[in-house]
RNA sequence: GCGCGAUUAGCUCAGUGGUAGAGCAUUCCCUUGACGUGGGAAGGGCCGGGGGUUCGAAUCCCUCAUCGCGCACCA
C-alpha cells in the first residue's frame, strides 16, 4: 500500500479493469461457492437477477442515474458474495420522444428544423447522436463501479429486441387487444405528435371566461375560437331553467359567421352549477365533448389543424393561430351583440406537454391503441395477493388505484425516432393489418394498394417488455435461467410509465410477473431540497463529484439515510464526509498491515478475553447487517458499518490494540484479531464502497484469498 | 372532490409499543507515531396541535393544521 492519503484516482480505473478482466460480472464465470458457504446458506448457485433500467442514451449521467447504479450494484454485489449466480443486465434506451426532443433542441440551436428534413435523414442523424451518447453513458456507468455483465448488454433498437416487440404487437393484435381507433388524443403542436395522458401535465392558468349568447341560451367558454362548429347545445335533463327545451329540439340562431341550426341535447354529465348550466360542444377538440358526441352519435368536425391554426370552417378567421384569433373572434361577437359578459380572472387547469410546456390541443386522430383493462385485471389480482413486493409499501396502493382506473394506451407517435410500427393500411378502404414480415402488398379486403404506417411506437411500449425481451424470450437460455427476475429497482416517478406496464406486458407474454420485488427510489435533490435543473444552476454532476471525492464516497453518500421512495437532499458536504471516511479506511488498513508484516498465517493464535470480545461484537454486526441487507435496508446497513468501522474499530479496538501489539505474549492474538476485523469489515463495506475495499483486499496478508474481494463470501 | 405521503436536535434524515438516535453543523480541549481528511469531550428535541387505546405511545386509533405528490373534474 502506498503512503499518504487515499487517492481514488489512482485506484478506481485500475480496479474496474481488474474486475472486468476477471470475467466475474458474467454469472456464468462465477466460481462454485465454497462448500461452507453453500452449506450455510443452502443456496448453491441459484440465480439472482436485476435488469438495469435502460438509461436514456441522449446525454450525460446525472445524479439520479448515480443512485440507480449504486443501489443496484449494492444488491448485485451483496448477492454475488452470498454465492448467488448474480446477473445485473445493463441496457440503454433509444428513448424515442425524449431523445427526439433533445435532438430537436440541438437542431434549433443550429438554426435547423426537423420539419425541413427528410425522415430518413433525421433518423440517421439521431441514430449517430444516440450511438455516440451510448458509448459515453456506458463509460460513465462503469465509472460508478457498476458490476454489470456487459457481455449481455442490450439496446432497445437491437434487432432481437425489435423482433420481440413486433411479436408482442402481433400477438396483442391477434388477441384483439391492439386496435386502430379514431379517438381523441393529446396533440402537442410544437412536437407534432400525439402523447399519452402520462406525457402531459396539468398547469394552472388564469384566463377569461366568456359568456356568449347562443340563441335563447347563454353559454360560458374559455375557448371561443373552437366554437365555430358548435351545433349542439347541452344541458342537464333535470335543469328546471331549461325545462321548456326538449331533447332533440332544433333552433335557428345567429352565430359567429351567420345563422345556424342548433340542436338541444340533454345529458346528465352537465354540471348545473357551472356557468349557466348550458354548454355547446366541440367533439373534435375536447375529451368530454368527444365522449358526449359518441354517446349521442353526433357528427364531429375539425376546427383547428395540427399546427394550431383555424380551418376554413372559421370563415374569415381561417389560417389564423388560435391565440391571435381569440380576441378578434370575441370582437366580432361583441359587434354582433352576442357577448353577455366576460369574467376576467377565471382560474382553471390546462393540459400541457410535459417536455415543452406548450398547450396540448386535443385532436381526433386515427391511432393504434392498446386495450388495457384485460391486461390490468390479472396483474391487479397478483398484486392484491402479494405476489410482488413493493418498497416502499404504499406504492402498492398507488399501483392498484391506477390499474383499477386504467384507460387505453395510445401507442402511435408521429416521430421518426423510434421503432416503426409494423402495420399497413389500405389506401382505399383504410383497412389496417399488422405486417411484421413486411411482405403484404395488397389489401386483403379490397385488393387495393397498401401503405405503410409511418408512425413509431411510444418508447414505453418497447421498454415495457424489457425484462423478458433482454433475456431472449421465448426460448433463450437466459430466459429459462433468469426469468422472472428478482428486483426491479427504478425511480418512483415512473411507476405508471414503466413499472405497471412491465407487469402487464410481462404477465401477458410470459404468464408470470417479470419481477418479485419493486424497489422505488426517490429523486436526488440539491442540498436545499430543490429539484436539480440546468436553469437553476444547482446540478450536481456525478462525474465532477467522482473526480473530486472518488466514486466510493459518492456511492455511500447516496445510500446512507436514503430510504426507498423518499427524495434525497444531496449535499457535497455529505460526500466530503465520506471521502474522509475512505481515507479513514485507508489509514486503518495501513496501520493493520504495518503491524502484521511479521504475522504468520496458519494456526489461530490464543486470544485474550478482550480480543475475543471484539470479534464477538463484530459477529453481532454481521448478523444485524445481513438482516438489513436482506430486507433492502441499505440506508441503515451502510450507516452501521460506517459507524462500527470508524468509532468502534478505529477509535477503540485499534487504539487498545497498540498495547497488545507491544506485548509479545498478546501480539499474535492482536494481529489475528485486527486482520479478522479488517477483512470482515472490508467485505461488509464492499457493496457500498467497492473500489477502496478491493484495493486493500488485494494486499491483505490473509490465507485462502479469492482472486478478488468481489467474489469473496459474505461473512456469516 | 378522492387518494397517498410527510411533519423527530440548527440542517438532512433514521427510528412502528418499553428510559429519544445518526451524520453534518456548533462549543471546548488535544502539534499522542495509521489517519489533523485526525482524537477526546460538551451543548442541543414537551418526536406538528388536540383527543383516545394501553401499565406504558415518536410508534396504534380518531381529529385538526401545515407542506408535498398523485388521480379525477375543469363548458
Qualifying position, being in contact (Cβ under 8 Å) with a residue 60 or more places away in the chain, touching a helix residue (DSSP H, G or I) at 6+ places or on another chain (Cβ under 6 Å), farther than 30 Å from residue A:564 by Cα and surrounded by 15 or more Cβ atoms within 10 Å (Cβ to Cβ), among A:607, A:621: A:607
Filter region A:415-429 down to residues that are in a loop (DSSP other than H, G, I, E, B) and in contact (Cβ under 8 Å) with a residue 24 or more places away in the chain and give me whichever is surrounded by the most Cβ atoms within 10 Å (Cβ to Cβ). A:417
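Report, by residue number, each residue of region A:297-317 that is assigned to a helix (DSSP H, G or I) and out of contact with any strand residue (DSSP E or B) (no Cβ under 6 Å at 6 or more places or on another chain).
If we filter region A:297-317 for residues that are assigned to a helix (DSSP H, G or I), which is where we start, we get A:312-317.
Result: A:312, A:313, A:314, A:315, A:316.
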Find all pairs meeting these conditions: Cβ atoms under 7 angstrom apart; at least six residues apart or on different chains; first residue within region A:5-34 and on the phi > 0 side of the Ramachandran plot; second residue surrounded by fewer than 22 Cβ atoms within 10 Å (Cβ to Cβ) and outside any loop (DSSP other than H, G, I, E, B). A:23/A:29
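Filter the helices (runs of 4 or more DSSP H) completely within region A:570-665 down to those with at least 1 residues that are more than 9 Å from RNA strand B (Cβ to nearest atom) and over 24 Å from residue A:692 (Cβ atoms). Step through it out loud before you land on a result.
Working: elements: A:572-594, A:609-630, A:634-643, A:655-662.
By residue number, A:609-630, A:655-662.
Of all residues in region A:265-293, which are outside any loop (DSSP other than H, G, I, E, B) and touching a helix residue (DSSP H, G or I) at 6+ places or on another chain (Cβ under 8 Å)? Break it down stepwise before answering.
Step one: list which residues in region A:265-293 are outside any loop (DSSP other than H, G, I, E, B), which gives A:265-266, A:278-280, A:283-285, A:287-293.
Those that are outside any loop (DSSP other than H, G, I, E, B) and touching a helix residue (DSSP H, G or I) at 6+ places or on another chain (Cβ under 8 Å): A:265, A:278, A:280, A:283, A:284, A:285, A:289, A:290, A:292, A:293.
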Could you tell me how many of the residues in region A:462-478 are under 21 Å from residue A:55 (Cα atoms) and part of a helix (DSSP H, G or I)? 7
Tell me which of these residue A:170 doesn't satisfy, since it passes every other one: (1) in contact with a helix residue (DSSP H, G or I) (Cβ under 9 Å, 6 or more places away or on another chain); (2) more than 11 Å from RNA strand B (Cβ to nearest atom). (1)
Taking region A:208-231 and keeping residues outside any helix (DSSP H, G or I), within 17 Å of residue A:286 (Cβ to Cβ), under 43 Å from the mean Cα position of the chain (by Cα) and more than 9 Å from RNA strand B (Cβ to nearest atom) leaves A:230
Given the conditions (1) more than 43 Å from the chain's Cα centre (by Cα); (2) part of a loop (DSSP other than H, G, I, E, B); (3) more than 9 Å from RNA strand B (Cβ to nearest atom), and given that residue A:262 satisfies all but one, which numbered condition is not satisfied? (2)
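Residues checked against (1) in contact with a strand residue (DSSP E or B) (Cβ under 7 Å, 6 or more places away or on another chain); (2) in contact (Cβ under 8 Å) with a residue 40 or more places away in the chain; (3) crowded, with 19+ Cβ neighbours inside 10 Å:
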position	(1), (2), (3)
A:136	no, yes, no
A:159	no, no, no
A:188	yes, yes, yes
A:217	yes, yes, yes
Where residues in region A:491-533 are in a loop (DSSP other than H, G, I, E, B) and in contact with a strand residue (DSSP E or B) (Cβ under 8 Å, 6 or more places away or on another chain), which of them is nearest to residue A:574 (Cα to Cα)? A:527
Of the residues A:408, A:475, A:438, A:430, only one is at pLDDT below 95 and within 16 Å of RNA strand B (Cβ to nearest atom); which? A:408
Of those in region A:344-364 that are assigned to a loop (DSSP other than H, G, I, E, B) and over 24 Å from residue A:317 (Cβ atoms), the residue nearest to RNA strand B (Cβ to nearest atom) is A:354
How many of the residues in region A:318-338 are farther than 21 Å from residue A:190 by Cα and not in a loop (DSSP other than H, G, I, E, B)? 9
Determine if region A:454-461 includes at least one residue that is outside any loop (DSSP other than H, G, I, E, B) and free of Cβ contacts under 8 Å to residues at least 40 places away in the same chain. no
May I ask you to say which residue of A:581, A:591 is closer than 27 Å to residue A:15 by Cα and surrounded by 20 or more Cβ atoms within 10 Å (Cβ to Cβ)? A:581
Restricted to region A:232-243, and to residues that are buried (at least 17 other Cβ atoms within 10 Å of the Cβ) and more than 21 Å from residue A:258 (Cα to Cα), which residue is farthest from RNA strand B (Cβ to nearest atom)? A:242
If residue A:687 satisfies every condition in (1) more than 12 Å from RNA strand B (Cβ to nearest atom); (2) in a helix (DSSP H, G or I) but one, which is the exception? (2)
Of (1) away from RNA strand B (no atom under 14 Å from the Cβ); (2) outside any loop (DSSP other than H, G, I, E, B); (3) more than 36 Å from the chain's Cα centre (by Cα); (4) exposed (fewer than 15 other Cβ atoms within 10 Å of the Cβ), residue A:341 satisfies every one except (1)
List the helices (runs of 4 or more DSSP H) that sit entirely inside region A:12-131 and contain at least 3 residues that are more than 17 Å from the chain's Cα centre (by Cα) and surrounded by fewer than 18 Cβ atoms within 10 Å (Cβ to Cβ). A:35-41, A:96-109
Is there a residue being surrounded by fewer than 16 Cβ atoms within 10 Å (Cβ to Cβ), part of a loop (DSSP other than H, G, I, E, B) and within 16 Å of RNA strand B (Cβ to nearest atom) anywhere in region A:534-557? yes
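The values are calculated or read from the model by the stated rules, or taken from the named source; none is laboratory data. Everything numeric in this text was worked out from a predicted model, so none of it was measured. Positions of Cβ are backbone-derived with ideal geometry, glycine not excepted, and every protein chain shown enters the neighbour counts.
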